Amino acid sequence: MNKIDKLFLNEKIFLDVKVQYDTNYWVAGKLNISQEKIILIMYGELNTKSSYQSNRTFKKLICTNYSNSNFILLDVKLFESQNSRLNQDIGSFYDEYEASEILFNSKNNVKIDNFIQISFNSKDLQKWIQTTNLQRKILDNYLLKEHNNIDLKEVLIDIEDMYLIIHYPTTRYLDSSNNRAGIKFKPTINLSFQQEVSFEYIRKKYFELLNLLYLLFGYDLNIDEINLINDESSFSYFYKQKLDRNYDKNVFIPLGHNLKFNNNNIIETPLSIFQNYFKLDDYKKSFFKAFRKYKMFHYTEDKLLGYFRILENLMFDKEEKFTENYIKIYLENINLSDEDKLKEKSKLVKVLNQSIIDRKEKIKFIVFHNKFINVLSNNYKLKVNFNDVEEIVKLRNDISHFNDYKITQNDLERYIDYLEILVNYVLLRLIGYSDESFLNNMIFYPYKHRIFDFENN
């Protein structure tokens with residue numbers, strides 16, 4: 001097999017390795033790396049001198065190939081074991097383990113700590129960034145042979161203990177066998193840290209950023225390559241991507257910076273949303289992760305409940321009070337007789353100016369639905385009305401309390417699509433994305449025809 005310099009997330013690798021089972025004990029192994037599974041097979045002889053035992057898990061296992069490159073497998077668990085014995089003292093083992101992640105280093109380095117940078121690229125990034133003046137400048141510099149020193153950073157954002165950088169590492173190539181030569185400059189995102197950090201910390205920040213990008217894109221990025229740099233060398237990072245690729249008709253929130261062409265009237269995404277996002281506590285950032293998880297579900301009751309949970313927590317701020325205006329909005333749009341509305345009003349005035357998040361879900365959803373309609377103004381007409389909102393709340397309660405209920409698949413999908421756009425809205429609002437910008441970007445929303453009635457607009 002050819003020498004491996006880097007690991008790419010979409011490639012498959014099969015190779016023989018030796019595995020450091022204990023500090024001074026190595027066993028033979030076979031390593032199979034793919035997006036489906038990371039499988040390590042360990043095999044060998046069992047005798048009185050060997051310390052090998054099955055039924056073990058490892059936080060970390062080091063595997064080395066013939067060229068002394070290191071594959072550091074993380075979270076390794078045994079899932080199949082075959083052992084045989086000739087007698088009490090001699091036997092053999094053939095065990096299969098599965099790992100969750102790999103750190104690869106081609107220079108025989110196994111120190112996976114003290115990281116200062118993580119970078120990654122994806123073919124999807126260009127679609128988000130689009131054609132910029134800087135990209136054109138890089139090309140012109142190459143084609144005109146000007147050889148000017150160009151700042152290759154498209155964006156640099158100062159975020160607390162790190163910098164988020166979007167840039168274009170350039171490589172020149174010559175392929176004489178195919179009569180080709182040129183320049184490559186893949187859009188790449190860096191997280192550069194002001195101080196050394198642990199692998200666990202840099203990994204956490206990477207996946208937090210992916211959760212935010214998922215919201216902005218409207219679908220998962222297909223990551224090609226990830227590199228981590230510490231004080232000694234660089235590592236390729238490999239994990240199993242579980243991609244949601246059903247939403248890639250458009251990028252929902254394009255970056256929109258320094259565009260060479262802007263025929264679609266794309267607005268610049270404020271870079272402050274990245275700063276605002278990373279300032280959130282872990283609890284609030286968890287809703288971005290949850291959204292990604294629920295969005296991958298099929299159109300089922302679980303997806304509806306998942307979206308509902310996010311909205312319950314984020315529709316209103318804790319400081320927002322239950323005002324007379326909110327009572328008015330609720331009573332005007334609730335499906336009750338006039339007599340029952342009066343009774344309801346008498347109950348509600350008793351909790352005036354208390355927190356609205358403590359009110360019943362029906363109240364909160366009707367009030368928030370009204371808010372959302374006002375954000376959309378006359379630009380878009382929802383396929384969901386106030387009666388539907390009541391039905392959604394009732395459906396959620398019936399599902400949660402195991403009550404009998406009936407709903408058509410069409411209505412279920414319509415309700416879920418509605419909740420999904422609300423979740424998009426509240427998450428973007430949480431990081432400081434304005435109502436005006438949200439409305440401007442609805443033209444790029446992949447499923448706008450599902451939730452808006454354009455015929456009656």
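Hey, any hits in segment 379-389 for a residue that's acidic (Asp, Glu) and either assigned to a helix (DSSP H, G or I) or buried (at least 18 other Cβ atoms within 10 Å of the Cβ) (or both)? Taking every residue of segment 379-389 in turn, at least one turns out to be acidic (Asp, Glu) and either assigned to a helix (DSSP H, G or I) or buried (at least 18 other Cβ atoms within 10 Å of the Cβ) (or both). Of the strands (runs of 3 or more DSSP E) entirely within segment 145-205, those holding at least 1 residues that are exposed (fewer than 10 other Cβ atoms within 10 Å of the Cβ) occupy 170-175, 180-185, 188-197. Residues of segment 53-73 include none that is assigned to a strand (DSSP E or B), among the aliphatic types (A, V, I, L, M), more than 17 Å from Asn108 (Cα to Cα) and modelled with pLDDT of 90 or more.
Filtering segment 266-285 to residues that are in a loop (DSSP other than H, G, I, E, B) and touching a strand residue (DSSP E or B) at 6+ places or on another chain (Cβ under 7 Å) leaves Ile266, Leu271.
Looking at the structure I just gave you, is Asp231 out of contact with any strand residue (DSSP E or B) (no Cβ under 8 Å at 6 or more places or on another chain) and at pLDDT below 95? Outline the logic, then answer.
Numbers: out of contact with any strand residue (DSSP E or B) (no Cβ under 8 Å at 6 or more places or on another chain): no; at pLDDT below 95: yes.
Considered against the rule, which asks whether it is out of contact with any strand residue (DSSP E or B) (no Cβ under 8 Å at 6 or more places or on another chain) and at pLDDT below 95, Asp231 comes out as no.
Among the numbered conditions (1) over 30 Å from Lys293 (Cβ atoms); (2) loosely packed, with under 15 Cβ neighbours inside 10 Å, the only one that Leu134 does not meet is (2).
Kindly indicate the residue of segment 336-350 that is under 23 Å from Glu320 (Cα atoms) and in contact with a helix residue (DSSP H, G or I) (Cβ under 8 Å, 6 or more places away or on another chain) and also surrounded by the most Cβ atoms within 10 Å (Cβ to Cβ) among those meeting that condition.
First pass over segment 336-350, keeping only residues under 23 Å from Glu320 (Cα atoms): 344-350.
Now narrow it down to the ones that are in contact with a helix residue (DSSP H, G or I) (Cβ under 8 Å, 6 or more places away or on another chain): 344-345, 348-349.
Numbers: Glu344: 16, Lys345: 13, Leu348: 18, Val349: 11.
Within segment 336-350, the match that is surrounded by the most Cβ atoms within 10 Å (Cβ to Cβ) is Leu348.
Just so you know, in segment 6-27 the residues that are within 36 Å of the chain's Cα centre (by Cα) and among the polar types (S, T, N, Q) include one that is surrounded by the most Cβ atoms within 10 Å (Cβ to Cβ), and it is Gln20.
Residues considered: Lys295, Lys328, Lys318. Of these, the only one that is modelled with pLDDT under 95 and surrounded by fewer than 17 Cβ atoms within 10 Å (Cβ to Cβ) is Lys318. Please verify whether Asn370 is modelled with pLDDT of 95 or more, surrounded by fewer than 12 Cβ atoms within 10 Å (Cβ to Cβ) and assigned to a helix (DSSP H, G or I), treating the condition exactly as stated. Spelling it out, it is not the case that Asn370 is modelled with pLDDT of 95 or more, surrounded by fewer than 12 Cβ atoms within 10 Å (Cβ to Cβ) and assigned to a helix (DSSP H, G or I).
When residues of segment 403-428 are filtered for being touching a residue at least 60 places away in the same chain (Cβ under 8 Å) and not hydroxyl-bearing (Ser, Thr, Tyr), how many remain?
Pass one, segment 403-428, residues touching a residue at least 60 places away in the same chain (Cβ under 8 Å): 409, 412-413, 415-416, 419-420, 422-424, 426-428.
So of that shortlist, the ones also not hydroxyl-bearing (Ser, Thr, Tyr) come out as 409, 412-413, 416, 419-420, 422-424, 426-428.
Counting residues in segment 403-428 that are touching a residue at least 60 places away in the same chain (Cβ under 8 Å) and not hydroxyl-bearing (Ser, Thr, Tyr) gives 12.
Just one of the listed residues (Leu9, Leu40, Leu31) is touching a residue at least 40 places away in the same chain (Cβ under 8 Å) and farther than 25 Å from Ser84 by Cα, namely Leu9.
Specify which of the listed residues (Ile90, Ile72) is surrounded by 17 or more Cβ atoms within 10 Å (Cβ to Cβ), in contact (Cβ under 8 Å) with a residue 40 or more places away in the chain, under 23 Å from Ala28 (Cβ atoms) and in the same structural domain as Asn32 (by TED's automatic domain parsing). Can you show your working first?
Numbers: Ile90 fails: surrounded by 17 or more Cβ atoms within 10 Å (Cβ to Cβ).
Result: Ile72 is the single residue among Ile90, Ile72 that is surrounded by 17 or more Cβ atoms within 10 Å (Cβ to Cβ), in contact (Cβ under 8 Å) with a residue 40 or more places away in the chain, under 23 Å from Ala28 (Cβ atoms) and in the same structural domain as Asn32 (by TED's automatic domain parsing).
May I ask you to verify whether Asn211 is modelled with pLDDT of 95 or more and in contact with a Lys or Arg (Cβ under 8 Å, 6 or more places away or on another chain)? Spelling it out, Asn211 is indeed modelled with pLDDT of 95 or more and in contact with a Lys or Arg (Cβ under 8 Å, 6 or more places away or on another chain).
Picking from Lys30, Lys49, Lys3, Lys37, which residue would you name as being surrounded by fewer than 16 Cβ atoms within 10 Å (Cβ to Cβ), among the basic types (Lys, Arg) and either at pLDDT 95 or above or over 30 Å from Leu243 (Cα atoms) (or both)? Break it down into steps so the answer makes sense when it comes.
Working: Lys30 fails: surrounded by fewer than 16 Cβ atoms within 10 Å (Cβ to Cβ); Lys3 fails: either at pLDDT 95 or above or over 30 Å from Leu243 (Cα atoms) (or both); Lys37 fails: either at pLDDT 95 or above or over 30 Å from Leu243 (Cα atoms) (or both).
After ruling out the rest, the residue left standing is Lys49.
State all residues of segment 272-289 that are surrounded by 17 or more Cβ atoms within 10 Å (Cβ to Cβ) and either on the phi > 0 side of the Ramachandran plot or not β-branched (Val, Ile, Thr) (or both); if no residue qualifies, say none.
Phe274, Tyr277, Phe278, Lys285, Phe287, Phe288
Selection of segment 244-292 for residues being of a type in the set (Phe, Trp, Tyr) and either at pLDDT 95 or above or under 14 Å from Leu215 (Cβ atoms) (or both) yields Tyr247, Phe252, Phe274, Tyr277, Phe278, Tyr283, Phe287, Phe288, Phe291.
The values are calculated or read from the model by the stated rules, or taken from the named source; none is laboratory data. Just so it is clear, the structure is predicted and the values come from calculations on it, not from any experiment. Here Cβ is always computed from backbone atoms with ideal geometry, including for glycine, and neighbour counts include all displayed protein chains.
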